[in-house]
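Novice: I'd like to ask some things about the structure below.
Please treat every number below as a calculation from the coordinates, not as lab data. Not measured: the values here are computed from a predicted model. Positions of Cβ are backbone-derived with ideal geometry, glycine not excepted, and every protein chain shown enters the neighbour counts.
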Amino acid sequence: MLKKNHAEEKPVAKPVAKPVELPAFEKNISDKIVEKFGDKIVVSFVKENRVGINVDKENVHDVAKFIRDELNYDHVESVSGVDYPQDKEIEVVYHIGSYSDPSLASQLIVLATRAVREENPIPGKDATKLPTLRDIFYSVEFHEREVFEMFGVYFTGHPDNRRLLLPEDWADLPPLRKDFAIKGR
């Protein structure tokens, strides 16, 4: 059995990670939002053509208004929901773009907020509620209705919280929640 001579071992230099260079245009956008809202928001990512902002439901309306009025984003391209049963929350994600400002043509702000997730939802009559962004971005009208019926998130102040895809008498869990089970399977 050979013994290792510790004096002969050379220390191995570990590579030093270079600081990540953020895209300047997108970092400028995120900096403006941080400057305005400080610790009321969290910048989740900054990458080419995308800035991700997380905000609590109490501030989502003000942040969206700032994005429209001060940053020149003029429409919501899509709204999606994500069910987090382990956190007892449902996240709603708005992808906000601009048609009117050519410098923002390929840019998106991904604005995300979360609502309490009720175990036995009664859409519109429980705590799973968020303020609507319909008065800021007209384009969310049908997207929020879809999130309402598919995830059970009621949008306070929305002018039309009727179902869009499911029958009006739907009595089961919202079908995109993770605990929804198709009958008979």
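Novice: Of the conditions (1) more than 21 Å from Asp74 (Cα to Cα); (2) surrounded by fewer than 20 Cβ atoms within 10 Å (Cβ to Cβ); (3) under 20 Å from the mean Cα position of the chain (by Cα); (4) of a type in the set (D, E, K, R), Arg117 satisfies every one except a single condition; which number is it?
Specialist: Of (1) more than 21 Å from Asp74 (Cα to Cα); (2) surrounded by fewer than 20 Cβ atoms within 10 Å (Cβ to Cβ); (3) under 20 Å from the mean Cα position of the chain (by Cα); (4) of a type in the set (D, E, K, R), only one is false for Arg117: (2).
Novice: May I pose another question? Say we look at the range 93-113 and pick out the residues that are out of contact with any strand residue (DSSP E or B) (no Cβ under 6 Å at 6 or more places or on another chain) and of a type in the set (A, V, I, L, M); which of these is surrounded by the most Cβ atoms within 10 Å (Cβ to Cβ)?
Specialist: Filtering first and then ranking leaves Leu104.
Novice: Looking at the range 139-150 only, could you name the residues that are under 30 Å from Glu70 (Cβ atoms) and either buried (at least 20 other Cβ atoms within 10 Å of the Cβ) or in contact (Cβ under 8 Å) with a residue 24 or more places away in the chain (or both)?
Specialist: Once the filter is applied, which keeps residues that are under 30 Å from Glu70 (Cβ atoms) and either buried (at least 20 other Cβ atoms within 10 Å of the Cβ) or in contact (Cβ under 8 Å) with a residue 24 or more places away in the chain (or both), the range 139-150 yields Ser139, Val140, His143, Glu144, Arg145, Glu146, Val147, Phe148.
Novice: Determine whether Val55 is surrounded by 19 or more Cβ atoms within 10 Å (Cβ to Cβ), over 12 Å from the mean Cα position of the chain (by Cα) and closer than 13 Å to Ile109 by Cβ.
Specialist: Criteria not met by Val55.
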